[in-house]
Structure formats: structure tokens, C-alpha cells
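K.L.:
Would you mind keeping the following structure in view while I ask a few things?
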Amino acid sequence: METFQLTRKEMSQLLISLSGRPGKSPKAILQEVWLKSRREQPGQSRSFDAYVGASISPILAKVMDINPAREAGLSLSDIVALGGQIEYNHFAVTAVQNWVKRDLKEVIGAPRLGKKYSIQQAALLFIIEDLRAALDLESIRRLLLRIFRHCDSDADDVIHPADFYAAYSGLFEELDPNNDQVLDLPGSPGRDFKHDHLMEALVKKKADDFAAALPGLLPPEREAVRNCMVIAMLSVQTAYFQSLAKRYFQASMFLQNL
């Protein structure tokens, strides 16, 4: 059965829709994702039977029915299930429970909507999962407190978590136009330039431009956003290679002695 997954940019669009902002409904966003997946696979039908044959998870079916006129609240299990729909993501419920109860409680805070977490808190958990590919939890805590200042409110954040998630995931896709999960460099680097230096410079330039365009920030705040953007984009790149290595390891173990 065909699976139904979202890129990080697509998930960020879904989160922003679920936050109650004007724009496309969650259902409309998921319809676009599905149609895009059909276009990218030659010979794939867009018929009723094709949809029935796709594996639409219970959590995606649930969010399609959420009223976008007001912000939705999500349980921790909802957030973990939603995170599992992101490509090259490995959300574990036990890890997330440890983050909210102990390791990153200062960053995430308690559920803001009764017993449910806000969409901004869900975005924060997705950001943490991406950063884990490159940083330990204490480093993540220190980094995120520079731009998300108080766990019980988004009012004085330098940038809201959902917007930050949308920004770095969007820039990553912009730098990966062929969608092979590897950041692309324009042109062919000469012999005197190293690929890693060019990639670093390109990612930093994109992050610089984004931070410079944010209104009302002080220079230290712009620097904090810029640095977090760079780290997040490179972490997404790292997460892909980690996922690839795990898949090869699992295949090696499974095929052993066959």
C-alpha cells in the first residue's frame, strides 16, 4: 500500500493552517500534497481508487477535519503521529515524553490548551527533532532559548516556532531543487574551492538574508535567528544521511545469512 508523507515545508504549511491563520485549510494543503505526489510518479492515477489505495494515516485524517478558524490543540500522541508523517524523520514517543517532562521542559512548557499542546509547541518539537541530528539536548536548550524566550507564551519570541520551522524548511527545499535531499551548489566549483566551504557560505547567505528581512529586531536578535537557521538547515541535511545510514544497516542485518 502506498504511503503518504510530507516534506518539512509541507508540514510547516499544515501547522500554520492549523494555528488558525487565514489561508488554505488543512484539507486543501493535504490535497495539494497528494496531487503533487501523483505528478511526481509517472503513470500514477488521481482517481478515487488511487486515493483509496493510498495509506492515509489516522492523524492526517483527523487534522483534515479540524476547523481552521481557530487554533487546534494536539495531544502528545497526536504530535508524535504527525511527526511520523515527515520524510526522513524518526519521532519516538518515549523521547518526546522525556523532552516535555524533563530534558527540555524549560523550552517547551506545559500544555497550553487544557491538556493539549498548541501548534507552536508542536512546531517546537519538530524543530528539536531536526536539531537532534547535530546537537545534544543541552545545546538545543541553550540555542532555542535565544529565540523562543518563555515556554508559557509566544508573545516575546524573536520569531514564532511555526514561522521558524517554515523558514528553514523552505530555504532547505530552495537549495535542493531536485529534491534529492542533498543541498545543491550553483555551477561547478573550481579546483580552488572546497564543496563544504561553498555550502557553508551559501547556507549562511540565505540565513543572513532571511534574518535581515525580519522587522523590528535588534542586531543580537538577527544574529541569533541567523545562526539558528544555519544550524537547523545543516541539521536537516545531517538527518537525511543518518536516515540513509540506518536503512543500509537495517538492510545489512536483515539480509545476513539469507
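The values are calculated or read from the model by the stated rules, or taken from the named source; none is laboratory data. Everything numeric here is computed off the predicted structure, so don't read it as measured data. Note: ideal-geometry Cβ built from the backbone for every residue, glycine included; neighbour counts use all protein chains shown. SASA here: full protein model, heavy atoms, side chains in, ligands and nucleic acids out. Shrake-Rupley method; radii C 1.70, N 1.55, O 1.52, S 1.80 Å.
K.L.:
Compute the signed sum of charges (Lys and Arg +1, Asp and Glu -1) over the other residues within less than 15 Å, Cβ to Cβ, of MET229.
P.N.:
Taking every Cβ under 15 Å from that of MET229, the sum is -2.
K.L.:
If I stretch the segment between GLU32 and SER252 completely, what's the gain in nm (0.36 nm per residue apart, minus their alpha carbon distance), one decimal?
P.N.:
75.6 nm
K.L.:
If you count only protein heavy atoms with a 1.4 Å probe, what accessible area per residue comes out for the range 135-179, rounded to a whole Å²?
P.N.:
With all protein chains present, the range 135-179 gives 44 Å² per residue.
K.L.:
Next question. Per residue, how many Å² of accessible area does the range 60-133 show with a 1.4 Å probe?
P.N.:
Heavy-atom SASA per residue in the range 60-133 reads 42 Å².
K.L.:
Quick one: ranking THR94, THR7 by accessible area, 1.4 Å probe, largest first, what do you get?
P.N.:
THR94, THR7
K.L.:
What aspartates and glutamates could a cross-link reach from LYS116, if we take a straight Cα to Cα line under 18 Å and drop same-chain neighbours fewer than 8 places away?
P.N.:
Correct list for LYS116: ASP65, GLU71, ASP78, GLU106, ASP152, ASP154.
K.L.:
Please work out whether the range 57-97 counts as rounded, prolate or oblate from its C-alpha gyration tensor, where a ≥ b ≥ c are the square roots of the eigenvalues and a/c under 1.5 means rounded, while otherwise a/b larger than b/c means prolate and anything else oblate?
P.N.:
It is prolate, given that a/c is not under 1.5 and a/b is the larger ratio.
K.L.:
According to the square roots a ≥ b ≥ c of the eigenvalues of the Cα gyration tensor, what is the shape class of the chain, taking rounded for a/c under 1.5, prolate for a/b larger than b/c otherwise, and oblate for the remainder?
P.N.:
Working: a/c = 1.37, a/b = 1.05, b/c = 1.31.
Verdict is rounded for the chain.
K.L.:
Which helices, taking whole DSSP H runs in the chain, have alpha carbons extending 30 angstrom or more along the helix axis plus mean Kyte-Doolittle at least -0.5?
P.N.:
What comes out of the filter, once short or polar helices are dropped, is 219-255.
K.L.:
Next up: Under a cut-off of 30 Å between alpha-carbon atoms, report the lysines in cross-link reach of LYS115, not counting same-chain residues fewer than 8 places apart.
P.N.:
LYS9, LYS24, LYS27, LYS62, LYS101, LYS105
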